[in-house]
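The values are calculated or read from the model by the stated rules, or taken from the named source; none is laboratory data. The model shown is predicted, which means the values in this text are computed figures rather than measured ones. As a convention, Cβ positions derive from the backbone with ideal geometry for all residues, glycine included, and neighbour counts pool all protein chains shown. For accessibility, only protein heavy atoms count, side chains too; no ligands or nucleic acids. Shrake-Rupley method; radii C 1.70, N 1.55, O 1.52, S 1.80 Å.
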Amino acid sequence: MRKETSQWGKDVRKAVIDKDMTLKQLAESIGYSYAVVLSVISGKYSNATYQAIAEKINEKLGTTGLPERTATPSDEWCQAVKIELVKKKMSVNQLAEKAHVSRDRLSLVINGKMMNEDIVDAVNRLLNITLSAVPAGDD
């Protein structure tokens with residue numbers, strides 16, 4: 001399921017075009033990598049610094065607002081995963097291998113930095129976790 005681009009993300013992309021820039025040039029001008037800037041604009045960056053990055057983008061482009069923060073797994077689910085890994089004496093590398101995902105992507109999910117339903121489903125299945133990864137009150 002593809003996430004809808006936020007209004008802020010659309011405004012930023014339009015401002016980049018209006019200023020005859022590329023997203024790579026924008027990223028370089030505010031001191032972040034292209035990948036980080038792109039993920040903030042597309043709403044896929046949920047690290048606590050996303051707001052500071054968005055503010056730098058706004059300052060550079062004259063845009064306003066902030067991106068909608070993406071959903072991330074609940075702290076309770078992340079903790080349950082870590083407990084099960086210890087109980088099963090399994091490393092993150094081993095879990096990633098069994099789930100057929102990269103260690104980096106798995107780490108982002110189990111450390112609450114990124115939501116990926118396929119990875120959550122695989123982790124739940126492999127570690128027999130029944131706790132929902134979606135924080136209470138979120139859709």
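Just the number, please: Stokes-Einstein D of the chain in µm²/s, Kirkwood Rh from C-alpha pairs, 20 °C, 1.002 mPa s.
D, rounded to a whole number, is 130 µm²/s.
In whole Å, what is the distance between the alpha-carbon centres of segment 78-139 and segment 16-71?
28 Å
What area, in nm² and to one decimal, does the C-alpha convex hull of segment 63-132 cast on average over all directions?
Its average projected convex-hull area is 5.2 nm².
How large a share of the accessible area of segment 35-139, in percent, is made up of carbon and sulfur atoms when the probe is 1.4 Å and the other protein chains stay in place?
Percent of accessible area from carbon and sulfur atoms in segment 35-139: 48.
So for segment 3-46, what percent of the C-alpha to C-alpha distances run longer than 11 Å?
Counting pairs separated by more than 11 Å, the tail of P(r) holds 63 percent.
Under a plain spin-label model, where a point goes 7 Å from the Cα along Cα-to-Cβ, how far apart in nm are residue 75 and residue 88?
2.5 nm
Counting each DSSP H run of 4 or more residues in the chain as -39500 (n - 2.57), what helix-only mean residue ellipticity at 222 nm follows after dividing by all residues, to the nearest 500 deg cm²/dmol?
That comes out to -17000 deg cm²/dmol.
Let me confirm the definition first: pairs of Lys residues in the chain, 8 or more apart or on different chains, C-alpha distance under 20 Å. How many are there?
For the chain, qualifying lysine pairs total 24.
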